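The values are calculated or read from the model by the stated rules, or taken from the named source; none is laboratory data. As the structure is a computational prediction, the values presented were derived from the model and not from experiment. Here the Cβ positions follow ideal geometry from the backbone for every residue, glycine too, while neighbour counts run over all protein chains shown.
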Amino acid sequence: MSSRWRRVIADNRLGAVGGVLVVALVLAALLGPAVYPPDPTEQHLTERLQPPSAAHPLGTDELGRDVLARLLAGARISLGVAVLVTTVRVLLGTLVGLVAGYAGGWVDEALMRFVDVVLAFPGIVLALIVAGVLGPSLLNVTLALAVVGWSSYARLVRGNVLAVKERGFVSAARLAGLSPFGIARRHVLPNVMGSVVVLATLDVGGVILATAGLSFLGLGAQPPTPEWGTMLASGRNYLRQAWWLVNVPGVAIVLVVLGFNLLGDAARDALDPREESTLERL
Amino acid sequence: MSCHFVLRRVATALIVLLGVSVATYGMVFLTPGDPAETILSQRMGGDTPSEAAVEEFRQQHGFDDPFVVQYADWMGDVVRGDLGTSYYSGRPVSALLWSRLPNTIALAAASLVVALAISLPAGVMSAANPGGLTDYGSRIGALVGVSMPNFWLGYLLIIVFSLQLGMFPVAGAGGLEYLVLPAFTLGSGMAAVITRLVRSSMLDVLDAEYVRTARSKGLRERIVVYKHALRNALIPVVTIVGLQFSYVLNGAVIVEAVFHRPGLGTLLVDAVFARDYPVVQGVTLVVGVVFVASNLLVDVAYRYLDPRIDLGRERP
């Protein structure tokens, strides 16, 4: 851990809370099934809709499956999808932003109009349509969210490239005969990475919300996969008999998303103290 | 505000709209398999349609023409206000849109009212005493608000207010009583964002010359805050509330599903599952057009209300 990150956490108590929540998610995803072995998909029809007890700390669902085991398995899915989607978004957006900012002219114009078209649709609506057209599955939701969300990175990176491009050290590197790729890698990217990391941290929370939302609508993970949104969707038929079925995944989603938002806020404060709280971005 | 800026902005919007329409129409071609066969087989309840039937359907709906021809045909109809007919109900898509639109507009408007009722007082009080208890509380409230999945919040409200207290109906659409819980679900998330905006905008204004003058005249703090500062602080807020449109549409898709409200969101979700492409295209196009138009209006309004804004600035 670099000293900068240590300072961020020390300076910012809310950020530390966020860090704890995110670490808890990672631990649950990595170690959960090892520490708590019950099978998340095994049905016990005689033990349907049992309230939380010693045998089932978070109760059982409508098919007698253990809710805690499903929650832990779901953590793995949420974290996996979120990391995958965010990575693709960052790579794609950074590439498009670098090319647009660096090439300029008609290339820049064409790429940025394309970004405008992507941004012309509300994110979830567009992901819903793409995932729906491809067919309901967790993989297609992952694909749809990755394809839909890279444009804000492209804008950010392009803006930074334009700002850095004319600075002395880049001109010097160019005169020294460094290739555009070399300049981008050695001089432009390091200047942009900080803002990209902040945006990505905040984005992870949004991706988790969107994945759960699309699964809730029935487009993502299909039963019996223990995805949080899917769990919430099947729990809605038992609001009266089994309050824990919607509330357990609901609380998990809030805590995890809050964790990433707090962490992202703290990171932004540390990188650029002049910026206001990041909520305006939404 | 220069005329040149408005023209340039309108031209960009038109180019984007062209892209939106190509994307909307082209989407269908992303689908795996033959759309004609998929649609027919779903109509027949999962049976495989005969080859002749598929061929007839393809010819009838122009699936055999090249993409550009199909797109041009479709666009020609769209411009005349004909969005095609639903593969399922056989009703015109435009009629379906018109029948669902009022419910979604009512939801959006009511959510905005809820959002402003929460965020204006919270934002002003936070700014009046930055770093204070209210400020801290509203910051945490806003963070929880944006982190809250609205499908869960919806069920929480249903459990408490419909099932336990019996105050509001669980689902459906109709009178005002059907609107309260969905509007609160959607509006509270918006409130989180707008509160922070009101706060930072108020902080900027409270620092301005004319507010300091008002203070030094000996006016009471309450009058300074509400009469001199708030009015000016609301300028950026009003325009950026326009940009919340995207949030409303994203949220409407989910909130309408939670409360089983017949609106644009449920229309879209049902059509996506049924692979009812004309309806999907119709909703997509309407959403894209309204979204581009509202962004354009916000951009122009922003510069009209505050001429100091740099014309070359990119939208954040």
Unmet requirement for B:Gly19, which otherwise passes all of (1) at pLDDT 80 or above; (2) more than 24 Å from the chain's Cα centre (by Cα); (3) of a type in the set (Gly, Ala, Ser): (2)
Only one of (1) within 14 Å of another protein chain (Cβ to nearest Cβ); (2) touching a Phe, Trp or Tyr at 6+ places or on another chain (Cβ under 8 Å) does not apply to A:Val115, and that is (2)
Using the structure shown, decide if A:Asp265 is at the interface with chain B (Cβ under 10 Å from one of its Cβ atoms), crowded, with 16+ Cβ neighbours inside 10 Å and modelled with pLDDT under 90. yes
Return the total of residues in the range B:145-176 being buried (at least 17 other Cβ atoms within 10 Å of the Cβ), among the β-branched types (Val, Ile, Thr) and more than 18 Å from B:Glu256 (Cβ to Cβ). 2
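Quick check: is even one residue across the range A:132-139 closer than 18 Å to B:Gly288 by Cα and at pLDDT 85 or above? Quick ask: steps written out before the conclusion?
Within the range A:132-139, the subset closer than 18 Å to B:Gly288 by Cα is A:132-133.
Pick out the ones that are also at pLDDT 85 or above and you get none.
No, because not a single residue in the range A:132-139 is closer than 18 Å to B:Gly288 by Cα and at pLDDT 85 or above.
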Within the range A:131-143, does at least one residue satisfy the condition of being more than 14 Å from chain B (Cβ to nearest Cβ) and under 21 Å from A:Val85 (Cβ atoms)? yes
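In this structure, is A:Leu199 under 22 Å from B:Tyr247 (Cα atoms) and buried (at least 19 other Cβ atoms within 10 Å of the Cβ)?
yes
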Failed criterion for B:Phe161 (all others in (1) over 21 Å from A:Trp243 (Cα atoms); (2) more than 24 Å from the chain's Cα centre (by Cα); (3) assigned to a helix (DSSP H, G or I) hold): (1)
Hits in the range B:244-274 - residues which are more than 10 Å from chain A (Cβ to nearest Cβ) and aliphatic (A, V, I, L, M): B:Val255, B:Leu267
Would you point out which residue out of B:Pro130, B:Pro121 is of a type outside the set (D, E, K, R), assigned by TED's automatic domain parsing to the domain that holds B:Val225 and not in a helix (DSSP H, G or I)? B:Pro130
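Can you name every residue in the range B:166-185 that is part of a helix (DSSP H, G or I) and touching a residue at least 12 places away in the same chain (Cβ under 8 Å)? Break it down stepwise before answering.
Keep residues of the range B:166-185 that are part of a helix (DSSP H, G or I), which gives B:176-178, B:180-185.
Selection gives B:Tyr178, B:Val180, B:Leu181, B:Pro182, B:Ala183, B:Phe184, B:Thr185.
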Please enumerate the residues belonging to the range A:172-216 that are modelled with pLDDT of 90 or more and either among the hydroxyl-bearing types (Ser, Thr, Tyr) or outside any helix (DSSP H, G or I) (or both). A:Thr211, A:Ser215
Return the only residue of B:Ser89, B:Ser111, B:Ser94, B:Ser162 being of a type in the set (S, T, N, Q), outside the structural domain of B:Thr38 (by TED's automatic domain parsing) and more than 25 Å from B:Leu285 (Cα to Cα). B:Ser162
Could you please let me know if B:Ala142 is in the same structural domain as B:Pro182 (by TED's automatic domain parsing) and surrounded by fewer than 21 Cβ atoms within 10 Å (Cβ to Cβ)? no
The lone exception for A:Val246 - which of (1) surrounded by fewer than 24 Cβ atoms within 10 Å (Cβ to Cβ); (2) over 19 Å from the mean Cα position of the chain (by Cα); (3) closer than 27 Å to A:Leu138 by Cβ it fails: (1)
